[in-house]
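Q: My structure is below; once you've seen it, I'll send some questions.
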Amino acid sequence: MSLIDLENVSKIYQVGDQEIRALDQIHLRIEAGEFVAIIGPSGSGKSTVMHLMGCLDTPSTGRMVICGNELSRATPDQLARVRNQEIGFVFQAFNLLPKLDVVSNIELPLIYSGVPAAQRRERARKVACEVGLGDRLSNRPPQLSGGQCQRVAIARALVNNPQIIFADEPTGNLDSATGLAILGMFDELNASGKTIVLVTHDPSIAARSRRVIEIRDGHIVREYQP
Amino acid sequence: MSLLVVFQIGIREIAAHKFRSVLSMLGIVLGVSSLIATMALTRGMEEGTRTFMQQLGGLELVTIAEKNPSSLKMDFANLSPGLTLRDAEVIRESASLISHVSPEILISSLVSSFGQSGTRERRTVRGIYPDHFVIRMHQIGAGRFLSDLDVQRGARCVVLGNTVAKQLWPDVSIGSIIGKKVLIGTSPFEVVGVLDFYQSEEQARMRRSGKTSMRWKWDPFRVKNEAVLIPFTTLFHEFRSGAGSNEKTDSSKRNDSTELKKSNETKESNKRNDSIDSINLDTLIVRVRDLEYFRPALDQLRKLLDITHRGVDDFDFETREDWFDRVESSVRAARLSGGLISAISLVVGGIGIMNIMLASISERVREIGIRMAVGARPKDIFLQIIIEGMFISLIGAFLGIGASLGLIEILKLISPTENVPVLSWEGVLFSVVFALLAGLLSGIYPGLKAARLDPISALRYE
């Protein structure tokens with residue numbers, strides 16, 4: 001069974017009396033351990049696909065199964081549980097909480113899965129060391145460089161040991177050298193067995209994946225291996 | 001997600017915006033402090049009234065006085081002998097719900113000290129029975145009260161109110177007044193007792209601080225302080241001869257006196273009954289044995305007096321109950337209106353918190369989005385907002401309690417009555433609960449708003 005299975009999925013937004021089909025009857029399967037890049041210009045619907053797969057949203061029509069959970073008609077609570085347990089997000093803008101230090105930021109998902117405080121901090125510290133932030137534990141995001149912030153975000157995505165990591169333009173706010181280092185981390189994660197879904201508009205970044213899916217106007221127009 | 005974590009997040013959030021949080025607490029602080037102060041004030045009023053009532057003679061006192069009979073009974077009003085000593089005897093013997101009875105007659109007479117230079121004033125002299133001291137709740141300052149023996153013998157002894165004694169012998173301690181002679185009219189009386197000086201809390205305070213009120217005020221203790229009390233029999237024979245009963249001759253009056261003396265001990269003949277029927281009273285005061293049976297006691301009195309007055313309703317009961325009810329209801333009204341005002345300010349305080357919470361969540365949309373993205377359920381977000389609101393109001397409530405303690409101290413200094421505010425713990429508890437409720441309610445709307453945020457748009461929010 002596929003880790004991610006979208007079957008005939010559409011996402012329709014109602015703007016005024018106009019119907020906008022952000023996604024139009026998409027079929028997409030991603031197996032465990034894959035490194036997939038979703039590529040397309042802005043407004044193509046690639047973010048919408050990512051939000052659906054990332055359980056931030058539900059499809060208007062069609063069937064969606066993520067990690068064995070049928071989520072086509074899921075409640076916000078069910079979606080939240082899958083996001084918490086099975087999925088890690090890495091965003092372009094890092095999306096860290098500026099008032100919290102590195103450890104507190106990393107442990108955030110564990111708070112919502114009810115892990116006791118001592119265990120939480122222990123695990124957060126361990127993951128922080130793994131991403132190379134062992135000496136920055138009590139700093140806050142504003143005191144860190146962009147690359148360090150993205151490492152915090154990756155550590156946060158990893159802390160609950162999810163099956164899938166979604167990365168939305170993870171290098172968009174970084175200089176190219178730092179960006180390469182971050183992409184290198186995704187390679188390592190994929191090698192260690194995580195499924196990686198990378199959303200980008202940059203073909204050169206997409207080229208680092210094993211499988212590229214190109215989306216345009218709500219349709220999958222091309223699929224190839226770089 | 002444990003509540004502890006929610007609290008931690010809440011504390012951190014409040015600490016990060018100290019000034020804003022304090023501002024939003026202000027309404028709660030004012031509400032709580034005014035609520036506690038109002039309750040303390042009304043409690044003080046209540047207790048002030050209660051002790052005042054006690055000093056005046058309490059609720060147990062019932063005064064029986066004559067009145068005009070109703071028009072229906074006017075035609076045979078002359079069948080009734082009026083309020084007589086017979087009534088007192090009957091009540092004493094038969095009214096089981098009445099513990100003390102004192103029939104009284106009053107005269108107005110000049111009172112002066114014997115051969116001394118003190119004042120010479122016209123005063124109300126009361127002929128009483130010893131029960132009077134219990135019914136009126138007198139305290140003896142020096143000497144003794146009048147005794148049954150004084151009444152039986154018609155002794156020429158007098159108990160003076162404190163003010164009267166002080167005016168008659170301005171420079172002498174009340175202890176040494178005992179045994180001195182007083183002229184009532186032209187008859188000499190021996191002072192056997194001087195009563196305590198009665199005053200309200202306020203009067204005591206003013207006296208201590210040396211201030212004297214320029215305004216004339218109704219002094220409920222004046223009657224007690226200016227009392228001149230002599231045995232009933234003495235007053236009757238010295239001053240009422242001829243006034244008590246018109247149809248008797250002077251010689252029969254003498255007989256009355258002996259009958260009167262014996263009336264407590266022996267069963268009288270018909271003729272004697274006639275004569276104690278003929279001694280008219282000015283008032284008759286009684287003490288109800290148990291307040292639990294206040295109404296039944298009044299019924300009992302009414303039935304007995306109906307018999308002695310031959311069905312003519314020419315008597316009436318004066319009780320303190322009506323007055324006390326009135327005081328009670330005014331205290332209740334004060335409490336209600338004060339409580340209402342405080343409650344309004346608590347509600348306003350709650351709205352203040354709601355306002356701040358709304359501002360806070362629109363500032364934190366992105367944070368909420370991030371929390372949702374990593375797995376916070378809508379109810380986690382809701383709970384967090386609610387707890388924050390309650391936390392702010394709880395801190396506000398504690399500050400309010402502190403403020404109310406200060407406020408009560410100030411009120412104690414400027415309090416215009418004897419009703420010193422009394423801090424009640426129910427009041428404190430009540431206002432804290434109310435403040436928490438305000439915090440809870442004010443958190444609901446912002447909390448719902450936050451919990452309903454769409455994670456995607458919340459994440460994109462700048």
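The values are calculated or read from the model by the stated rules, or taken from the named source; none is laboratory data. No experiment lies behind these values; they were computed from the predicted model shown. So basically every Cβ, Gly included, is an ideal-geometry build from the backbone, and we count neighbours across all protein chains shown. Ligands, DNA and RNA are stripped out before the accessible areas are found, and what is left, the full protein with its side chains, is counted by its heavy atoms. Shrake-Rupley method; radii C 1.70, N 1.55, O 1.52, S 1.80 Å.
Q: Give the range B:10-54 a look and list any residue that's of a type in the set (Val, Ile, Thr), at pLDDT 80 or above and surrounded by 16 or more Cβ atoms within 10 Å (Cβ to Cβ), or say none.
A: Scanning the range B:10-54 gives B:Ile14, B:Ile28, B:Val29, B:Val32, B:Ile36, B:Thr38, B:Thr42.
Q: Is it the case that A:Ile12 is touching a residue at least 24 places away in the same chain (Cβ under 8 Å) and buried (at least 21 other Cβ atoms within 10 Å of the Cβ)?
A: no
Q: Quick check, is B:Gly443 in a helix (DSSP H, G or I), touching a Leu at 6+ places or on another chain (Cβ under 9 Å) and closer than 30 Å to B:Ser457 by Cβ?
A: It is false that B:Gly443 is in a helix (DSSP H, G or I), touching a Leu at 6+ places or on another chain (Cβ under 9 Å) and closer than 30 Å to B:Ser457 by Cβ.
Q: Continuing with this model, one more query. Picking from A:Leu100, A:Leu79, A:Leu96, A:Leu110, which residue would you name as being surrounded by 20 or more Cβ atoms within 10 Å (Cβ to Cβ) and part of a loop (DSSP other than H, G, I, E, B)?
A: The match here is A:Leu96.
Q: Looking at the range B:80-92, can you tell me whether even one residue there is open to solvent by 10 Å² or more (accessible area, probe 1.4 Å), touching a residue at least 24 places away in the same chain (Cβ under 8 Å) and outside any helix (DSSP H, G or I)?
A: yes
Q: Does A:Glu86 meet the test of being over 25 Å from B:Phe382 (Cα atoms), open to solvent by 30 Å² or more (accessible area, probe 1.4 Å), at pLDDT 90 or above and within 16 Å of the chain's Cα centre (by Cα)?
A: No, not satisfied.
Q: Might you check whether a residue that is within 14 Å of chain A (Cβ to nearest Cβ) and open to solvent by less than 50 Å² (accessible area, probe 1.4 Å) occurs anywhere in the range B:355-363?
A: yes
Q: Could you tell me which residue of the range A:1-47 is nearest to A:Ile220 (Cα to Cα), considering only residues that are among the hydroxyl-bearing types (Ser, Thr, Tyr) and in contact with an Asp or Glu (Cβ under 8 Å, 6 or more places away or on another chain)?
A: That would be A:Ser44.
Q: Within the range A:42-65, track down each residue that is away from chain B (no Cβ under 14 Å) and at pLDDT 90 or above.
A: The answer is A:Ser60, A:Thr61, A:Gly62, A:Arg63, A:Met64, A:Val65.
Q: Follow-up question, since we're still on this one. What number of residues in the range B:99-116 are open to solvent by less than 10 Å² (accessible area, probe 1.4 Å) and hydrophobic (A, V, I, L, M, F, W, C)?
A: 3
Q: Tally the residues that are of a type in the set (Phe, Trp, Tyr) and closer than 15 Å to B:Gln8 by Cα, restricting the search to the range A:85-143.
A: Here the count works out to 1.
Q: Which number in (1) touching a Lys or Arg at 6+ places or on another chain (Cβ under 6 Å); (2) under 17 Å from B:Arg122 (Cα atoms) marks the one condition that B:Leu183 misses?
A: (1)
Q: Any residue at all in the range B:48-66 that's closer than 19 Å to B:Ile408 by Cα and either small (Gly, Ala, Ser) or not in a helix (DSSP H, G or I) (or both)?
A: yes
Q: Out of B:Glu388, B:Glu367, B:Glu409, which single residue is in the same structural domain as B:Arg20 (by TED's automatic domain parsing) and within 24 Å of the chain's Cα centre (by Cα)?
A: Unique residue meeting the criteria: B:Glu409.
Q: Just to be sure, is B:Val327 open to solvent by less than 60 Å² (accessible area, probe 1.4 Å), more than 14 Å from every other protein chain (Cβ to nearest Cβ) and farther than 30 Å from B:Leu399 by Cα?
A: Yes: the conditions hold for B:Val327.
Q: What are the pairs with Cβ atoms under 8 angstrom where one residue, in the range B:1-24, is within 8 Å of chain A (Cβ to nearest Cβ) and the other, located anywhere, is in a helix (DSSP H, G or I)? Sequence gap at least six, or different chains.
A: Cβ pairs passing all conditions: B:Met1/A:Ile111; B:Met1/A:Tyr112; B:Met1/B:Asp380; B:Met1/B:Leu383; B:Leu4/A:Ala117; B:Val5/A:Ile111; B:Val5/A:Ala117.
Q: Using the structure shown, decide if A:Ile39 is buried (at least 20 other Cβ atoms within 10 Å of the Cβ), more than 14 Å from chain B (Cβ to nearest Cβ) and in contact (Cβ under 8 Å) with a residue 12 or more places away in the chain.
A: For A:Ile39, the condition - buried (at least 20 other Cβ atoms within 10 Å of the Cβ), more than 14 Å from chain B (Cβ to nearest Cβ) and in contact (Cβ under 8 Å) with a residue 12 or more places away in the chain - is met.
Q: Which one of the conditions (1) in a helix (DSSP H, G or I); (2) more than 14 Å from chain A (Cβ to nearest Cβ); (3) of a type in the set (Gly, Ala, Ser) does B:Gly369 fail to meet, given that it meets all the rest?
A: (2)
Q: A follow-up question, please. Could you count how many residues in the range A:103-115 are of a type outside the set (Phe, Trp, Tyr) and either facing chain B (nearest Cβ under 8 Å) or touching a strand residue (DSSP E or B) at 6+ places or on another chain (Cβ under 6 Å) (or both)?
A: Adding up the residues that qualify gives 5.
Q: In the range B:376-386, is there at least one residue being away from every other protein chain (no Cβ under 14 Å), modelled with pLDDT of 85 or more and touching a helix residue (DSSP H, G or I) at 6+ places or on another chain (Cβ under 9 Å)?
A: Yes; the residues of the range B:376-386 include at least one that is away from every other protein chain (no Cβ under 14 Å), modelled with pLDDT of 85 or more and touching a helix residue (DSSP H, G or I) at 6+ places or on another chain (Cβ under 9 Å).
Q: Next question, about the same structure. Picking from A:Arg29, A:Arg73, which residue would you name as being in contact with a Leu (Cβ under 8 Å, 6 or more places away or on another chain), surrounded by fewer than 16 Cβ atoms within 10 Å (Cβ to Cβ) and more than 14 Å from chain B (Cβ to nearest Cβ)?
A: So the residue among A:Arg29, A:Arg73 that is in contact with a Leu (Cβ under 8 Å, 6 or more places away or on another chain), surrounded by fewer than 16 Cβ atoms within 10 Å (Cβ to Cβ) and more than 14 Å from chain B (Cβ to nearest Cβ) is A:Arg29.
Q: Mind listing just one residue for me: the one in the range A:134-186 that is open to solvent by less than 30 Å² (accessible area, probe 1.4 Å) and of a type in the set (D, E, K, R) and, of those, farthest from the other protein chains (Cβ to nearest Cβ)?
A: Among residues in the range A:134-186 that are open to solvent by less than 30 Å² (accessible area, probe 1.4 Å) and of a type in the set (D, E, K, R), the one farthest from the other protein chains (Cβ to nearest Cβ) is A:Glu169.
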